[in-house]
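Right, one structure below, let's go through it.
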Amino acid sequence: MGSRVDTVTTVTGVRATALALESVTRRHGPRGGRGTLALDAVSCAVPAGSFTAVVGPSGSGKSTFLQCAAGLDRPSSGTVRVGGTDLGSLSEAALTRLRRDRIGFVFQSHALNLVPSLTIEENVVLPLVLAGAGPTDERVLARGRDLLARVGLAGRGGQVPATLSGGQQQRVAVARALVTAPEVIFADEPTASLDPESAGLVLGLLRDAVRADGRTVVMVTHEPAAASWADTVLTMDGGRLR
Ligand SMILES: Nc1ncnc2c1ncn2[C@@H]1O[C@H](COP(=O)(O)OP(=O)(O)O)[C@@H](O)[C@H]1O
Ligand SMILES: [Mg+2]
């Protein structure tokens, strides 16, 4: 418990903000043209150590919200801060480093999440290797093994992703998203293609990352059952937060 409190509170006991959006607008289409207003002046603050679900109908801007919040897309205007860092102030190279070192991602399709030619263990430790760690470094291998055990896939690290079910592959994706101990884990419809039992396992892993480790999770979903695992539900409609 002690370490968790340290990660989510400041010395004054006030919860730190892991993610803040200030009047973020994202317009798709030609500059000056009408285009599509995918995000319309969205502001929100996500406390560190919380599990937030973003819900809303198809086309309401959920994925655009997540892409802008995670530094995968740049807003047309407004400010996004991750742990106090203004993403708009960063060069592409610095933004790439921030995404690699301080953010974890789980995408909708397990087929897009993992590199098919790498083993499961290599997939899990990939963010560490991209950051410069040796792939055969014993500490890196141990970290990979720990995370695979945590997601219930101990002993499967030497296989390639295609030997696992979709739900098992999503659990590997969660392990990889946790490997750098990131400040925020973003997930876009992580359970969309899974049966209810596999979905429950993936959602339980995300919730445990929050409860046990004090991580911050922001998950987009259109499924009320998935949203019910979160502490806070934000509802999007027509590019705005309701
Ligand atoms: N790259 C793009 N180019 C043009 N329009 C886009 C693009 N991405 C999203 N949109 C539009 O922005 C709106 C919000 O899309 P999206 O964020 O994907 O919503 P959701 O994830 O809630 O379904 C939709 O009207 C969508 O058609
Ligand atoms: Mg979407």
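Derivation of every value follows stated rules applied to the coordinates shown; laboratory data play no part. Here the structure is a predicted model, which means the values were calculated and not measured. In this analysis, Cβ positions are derived from the backbone assuming ideal geometry, glycine residues included, and neighbour counts consider all displayed protein chains.
Can you give the angle from 0 to 90° between the axis of helix 120-130 and the longest principal axis of the chain, with both taken from C-alpha atoms, to the nearest 10?
60 degrees
Out of all DSSP beta bridges in the chain, what portion is antiparallel? Express it as a percent rounded to 5.
Percentage antiparallel, nearest 5: 50.
At 222 nm, what value in deg cm²/dmol follows for the chain if DSSP H runs of at least 4 each add -39500 (n - 2.57) and the sum is divided by all its residues, to the nearest 500?
The per-residue figure over the chain is -11000 deg cm²/dmol.
Among Glu92, Glu189, Glu223, which comes first, then next, by fewest other beta-carbon atoms within 10 Å?
Fewest-to-most ranking of Glu92, Glu189, Glu223: Glu92, Glu223, Glu189.
Under 11 Å from a label point 7 Å along Cα→Cβ of Glu223: give me every residue in the stretch 178-194 with its amide N that close.
In the stretch 178-194, the label zone of Glu223 (backbone N under 11 Å from the point 7 Å along Cα→Cβ) covers 189-194.
With angles folded into 0 to 90 degrees, how steeply does helix 166-178 sit against the dominant principal axis of the chain? Use alpha carbons for both and round to 10.
Helix 166-178 and the main axis of the chain meet at about 80 degrees.
Rg and Dmax of the chain, Cα atoms, in Å?
Looking at the chain, its Cα Rg and Dmax stand at 17.7, 55 Å.
Contact order normalised by length for the chain, with contacts defined as Cα pairs under 8 Å and 6 or more residues apart; what percent is it?
So the answer I get is 29 percent.
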